[in-house]
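The values are calculated or read from the model by the stated rules, or taken from the named source; none is laboratory data. Remember, it's a predicted structure, so these values are computed and weren't measured experimentally. Using ideal geometry, Cβ is built from the backbone for each residue, glycine included, and neighbour counts are taken over all protein chains shown. SASA here: full protein model, heavy atoms, side chains in, ligands and nucleic acids out. Shrake-Rupley method; radii C 1.70, N 1.55, O 1.52, S 1.80 Å.
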Number of protein chains: 2
Amino acid sequence: MTEDPKPRRRQARGERRIAQLLQAAADVFCANGYTATSTNAIAREAKVSPGTLYQYFPNKEAIAIELGGRLIHEMRERHGQVFTPENVALPLPELIDAILDPMIEFNCLNPAFLALMHGSEVPGRIAEEHDELHASLLSQVRELIGARAAPALPVEELDRVADMAFAVFKGGLALIVAAPEGPARDGAVAELKKVLYRYLEPLLAEEGARVTTTPPR
Amino acid sequence: MTEDPKPRRRQARGERRIAQLLQAAADVFCANGYTATSTNAIAREAKVSPGTLYQYFPNKEAIAIELGGRLIHEMRERHGQVFTPENVALPLPELIDAILDPMIEFNCLNPAFLALMHGSEVPGRIAEEHDELHASLLSQVRELIGARAAPALPVEELDRVADMAFAVFKGGLALIVAAPEGPARDGAVAELKKVLYRYLEPLLAEEGARVTTTPPR
DNA sequence: GGCAAACACGAGTGATCGCTCGCGTTTTCA
DNA sequence: TGAAAACGCGAGCGATCACTCGTGTTTGCC
């Protein structure tokens, strides 16, 4: 609809300030949440004046949108390289590694991502983009499971399994991110992979091995 | 330290107002989060004036604390009846039912609980009580798993398993609460139980059945 | 019935927040 | 080198929020 009416030409200094402000915003959002964070606090964290902040962002919401947008973009790039055909053909343990490791690394490096995506207090635009990302990830999980599970698997159950696998991943991810870097975190990562392996193994067993004893439930 | 200096004597009407205000607060907190909720909005939702609200609560924080306290109390009562000796002796599938079902029911009936416990924006007192509850639940999970797993299981791994089982439960719970009541939710519940069963079965197999094929990881 | 206390009200108050504006400084470019 | 544009500042403006207070109504108790 409306073109950006301000083809403002930025200097290198300005780009640096923007990055600096977004980093500050990420830190403060992460610590206090979006609503409880004041724009003055972001400016203070970035060591600039409120006026300077508003030279680069029209309002508080735009800061969160820009930050969230960049994080989502980075995440998209990452998961785009994850659901590749060669990965899909991997044995289940390696498949889990290939999918989880990049996601975990990203979320550990960018804790603001989870903080921004999770709150019910974030501006609507972020929630929308998050929903899109969520749906996209979910459909890729569905596709992947569908490609490897028995073809007789009802779509309805496929959806349930994909939903639950993703939800379980998010739960484990929260634990992992909260754990202190080091062996504790590594242990949690290994444990989450165990959960997912044992959950998915009966469905995704390699061809010809589908006679494994399905547990009593 | 300080005794409550106001042994204010409440009428039945007052108690009703308090319940009404807490219910309204639960709804609005749930919809908008703690910080973004104004006390006037709570009063409006409860169909009373701001002045009336402040007759029963000294400030906004006290509302959240009272609400959170009541929910935590109710949850404690519930989980107290869940980790009983007779439950501990149950076969794993029934054990999972016995533990998960009350928790899930409570959280579906009181969505404000998750909303209040989860935010990093809640008043410190709530966070403390939540940490206590969390630690208490976790230790009971540890105890239960420890009682049933192989005695040779290192405590270190026991801790990891309990942490992960609880984290996975929380992830699945979020999916369940978000699902619309009905078959979708029931399906999600069954799926979460499958996850936990398959994760814990190798550890908690009944005595004498511990020769089950442990998966390659 | 009458009185004190609890309840209910809602306009108002001080503080804080998002955001602006005027002015001074630095960078770009011809 | 000079002017235009981008950058940087921080006091301050209007709006909103948590919370108060003076006044009127209802309830419990003798």
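Of all residues in segment B:19-51, those being within 8 Å of DNA strand D (Cβ to nearest atom), of a type in the set (S, T, N, Q) and without any contact (Cβ under 8 Å) to a residue 60 or more places away in the chain number 5. Among residues that are surrounded by 17 or more Cβ atoms within 10 Å (Cβ to Cβ) and free of Cβ contacts under 8 Å to residues at least 40 places away in the same chain, B:Leu92 is not included.
From (1) touching a residue at least 60 places away in the same chain (Cβ under 8 Å); (2) farther than 23 Å from A:Arg148 by Cα, pick out the condition that doesn't hold for A:Glu66. Checking A:Glu66 against (1) touching a residue at least 60 places away in the same chain (Cβ under 8 Å); (2) farther than 23 Å from A:Arg148 by Cα, the one that fails is (1). Against the condition closer than 19 Å to B:Leu133 by Cα and either at pLDDT below 95 or open to solvent by 20 Å² or more (accessible area, probe 1.4 Å) (or both), how does B:Ile65 come out, does it pass? Answer is yes for this residue. In segment A:14-25, is there at least one residue being modelled with pLDDT of 95 or more, loosely packed, with under 13 Cβ neighbours inside 10 Å and aliphatic (A, V, I, L, M)? Looking for residues that are modelled with pLDDT of 95 or more, loosely packed, with under 13 Cβ neighbours inside 10 Å and aliphatic (A, V, I, L, M), one finds at least one in segment A:14-25, hence yes.
Say whether the condition of being without any contact (Cβ under 8 Å) to a residue 12 or more places away in the chain, under 16 Å from the mean Cα position of the chain (by Cα), open to solvent by less than 30 Å² (accessible area, probe 1.4 Å) and assigned by TED's automatic domain parsing to the domain that holds A:Ala64 is met by at least one residue in segment A:169-182. Yes, there is a match, as at least one residue in segment A:169-182 is without any contact (Cβ under 8 Å) to a residue 12 or more places away in the chain, under 16 Å from the mean Cα position of the chain (by Cα), open to solvent by less than 30 Å² (accessible area, probe 1.4 Å) and assigned by TED's automatic domain parsing to the domain that holds A:Ala64. Scanning segment B:68-89 for residues that are over 30 Å from A:Ala36 (Cβ atoms) and surrounded by fewer than 16 Cβ atoms within 10 Å (Cβ to Cβ) turns up B:Glu77, B:Arg78, B:Gly80, B:Gln81, B:Thr84, B:Pro85, B:Glu86, B:Asn87, B:Val88, B:Ala89.
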